[in-house]
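Encoded as structure tokens, the structure appears first; notes follow it.
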Amino acid sequence: MNIYKNELRLYRKSTIIWTLSILAAAVLFMSLYPSFSVGAKELLDMLNSFPKELLKGLSINLESFTSFNGFFGFVFMYISLALGIQGMYLGISVFTRENTDKTCDFLHTKPVTRIEIMTAKLLAVLSLTAATNVCYVLGVLGIAKLIGVGDFDLKVFLLIALSGFIIQIIFAALGVVVSAVKPRLRGVAGISISFITAMFILGLLSEFIDEKFLAYFTPFKYFNNFYILENAAFEPKFLVLSIAVIVASVVFGYIVFKKRDIHAV
Amino acid sequence: MNIYIKEMKGQIKTLIFWTIGIFAMIFGGMSKYGAMYSGSGGDSINQLMESIPKTIRIVLGFIDLDLSTVEGFYGVLFGYVILMAAVHGAMLGANIISKEENLKTVEFLMAKPVSRADIIRAKILAGVTGIFIFNLVTLGTSIFSVNFYGGDSSADRFVMNVTLGLFISQAIFFFIGTAVASNIKRPKISTAATMGIVMFMYLISIVLELSDKLNFLRFITPFKYFVIIRFIENKGFDLSFLMVSFLIIAILKIVTFKAYEKRDLYI
């Protein structure tokens, strides 16, 4: 319990900064929604005058993509980039900090098992990321009320937001793997930012060049907004894949952490 | 000179990784050009697209550039290249200054008979060399891929202009990194702080794409200094942004030197 509290205390400030930055970015994007919705209405009116066959060729349901949720789905793409960086940074930092700060031997003289330490730290990561998600989602909902977006499907909105949380957890879990392989890693921020940006670009690229198999390599593509908008559900195979990645990474982390040599000072 | 060589050795591994990434992305991306778009024309679709408001087009993921031309297709890929270049440049800049303090080697370095200005000069020179190599590889890869899949070398000039723009933008990000790193009190967070600035600029550049009303904001984000459309239309460089870039680089360089000469080293 003490370890859990200590982790929360150490990362309180950075989590607050992250949450506020994400919220600020969301506000910035949301302020463009009014002009988007006017344009969307014009577009729908215009499209109604087109023959139905031509529209079928576009093969997407424009009603839902031009709704508030459609716009949020777009904004969300960039929010998930920030969430991913935060998640991975936490995942690596929590487990390498004891090594780089040379507090490892102190911690391991305490009457707690390694499993307990690991669990407390994982719970701390989970709580911190969950707090960020809850805060920014409430913030976005508040802004949506404020600028008067009208009715929208709350379930779809929450599903999109939840997918961000899952993406964040995946990256945090991958962070655990990284810290298990490289326990004395320095420059955590640099590593996580490069990795996440690479994943993000891979996601954009897979869509642009239309290579479906690339999507399996980047968690950013595990949750397709267009799919969520149309079906109000996650794609089952990718949901299973996400859970598998998380479980496998965490189990790997436990196995390595339990047997690791501790570098004494 | 020793510092320069040491810095070059220090960054070579990262540089190789990045250039492999750039190569895979550009060559892999362009390989799709031949298969998907070349010669498909599609004027009626383009006309339909143009009647859709810009904001909507971007939110729905339609692309502003004409993908049936090799320049347009390369332009989309370039959007990803510049993000990678920005991350590489900014991280290199922040790290090259902060790492001595982070790795506790700064006392050793300071005890050597070189002035602080000399140290920074060597480090900046090494960083700029790294960026130069990064861009050289990008240029080579781009020209090769564009010629390979485009069929002829008519787009060479365009690719060269674009890469020159990339080099200048990346240099700005590099100097943002050095300026932040020499000013910030805790060297440990210099990378994170610099990347915060880069991400913020990236988001601004996306917001700018959504709305034409905010065009004056273009000056705060180097992602928008050199716009691909201008190169495609053969208009060349935007002189005012070229001047702004050089001005910013000069200012950031002075800031880096001034701040580092007086810096309280964090030990």
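The values are calculated or read from the model by the stated rules, or taken from the named source; none is laboratory data. These figures come from a predicted structure and were not determined experimentally. Here the Cβ is made from the backbone with ideal geometry for all residues, glycine too, and neighbour counts use every protein chain on show. Surface areas here come from the heavy atoms of the whole protein model, side chains and all, with no ligands, DNA or RNA. Shrake-Rupley method; radii C 1.70, N 1.55, O 1.52, S 1.80 Å.
At-a-glance table
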read-out	value
Tail fraction, Cα-Cα pairs, the range A:2-259, threshold 27 Å, whole percent	43
Whole-number D in µm² s⁻¹ for the range A:183-237, Kirkwood Cα-pair radius fed into Stokes-Einstein, 4 °C, 1.567 mPa s	102
Where the Cα pairs of the range B:70-160 fall when distances are cut into 5 Å bins, in %	3, 11, 18, 17, 12, 10, 9, 7, 6, 4, 2, 0
C-alpha center-to-center spacing [the range A:7-25, the range B:193-226] in angstrom	23
Rg over Rh [alpha-carbon atoms, Kirkwood Rh] for the range B:2-261	1.02
Chain A: most fluctuating residue of A:PRO219, A:PRO34, A:PRO111 per GNM, C-alpha cutoff 10 Å	A:PRO111
Degrees between helix A:33-48 axis and first principal axis of chain A (Cα, 0 to 90, nearest 10)	40
Most mobile of A:LYS13, A:LYS155, A:LYS110 in a GNM of chain A (Cα contacts under 10 Å)	A:LYS110
In the range B:205-267, the GluC sites (Glu not before Pro) that fall in loop regions by DSSP, at most 15 other Cβ within 10 Å	B:GLU233
Surface accessible to a 1.4 Å probe, per residue, for the residues of chain B, Å²	47
Most fluctuating residue given options A:VAL178, A:VAL251, A:VAL94, as computed from a GNM of chain A linking Cα atoms under 10 Å	A:VAL251
Calculated log₁₀ intensity ratio I(q)/I(0) where the Debye formula runs over C-alpha points of the protein assembly as shown, q = 0.06, 0.09, 0.10 Å⁻¹	-0.31, -0.71, -0.88
Chain B: DSSP helices with Cα axial extent of at least 20 Å and average Kyte-Doolittle hydropathy no lower than -0.5	B:2-36, B:70-102, B:116-150, B:156-183, B:190-210, B:239-261
The range A:157-171 - phi-based ³J(HN,Hα) in whole Hz, Karplus 6.51/-1.76/1.60, Gly and Pro as x	4, 5, 4, 4, 5, 4, 4, x, 5, 5, 4, 4, 5, 4, 5
Fraction in percent of alpha-carbon pairs per bin - 10 Å, the range A:113-156	23, 32, 20, 16, 8, 1
Above-threshold pairs, the threshold being 26 Å between Cα atoms, out of A:LYS5/A:LYS145; A:LYS258/B:LYS185; B:LYS6/B:LYS253	A:LYS5/A:LYS145; A:LYS258/B:LYS185
Trypsin sites (Lys or Arg not before Pro), loop per DSSP, at most 15 other Cβ atoms within 10 Å - longest free stretch of chain B	B:1-103
Whole-angstrom gap from the range A:211-265 to the range B:92-135, using each part's C-alpha centre	38
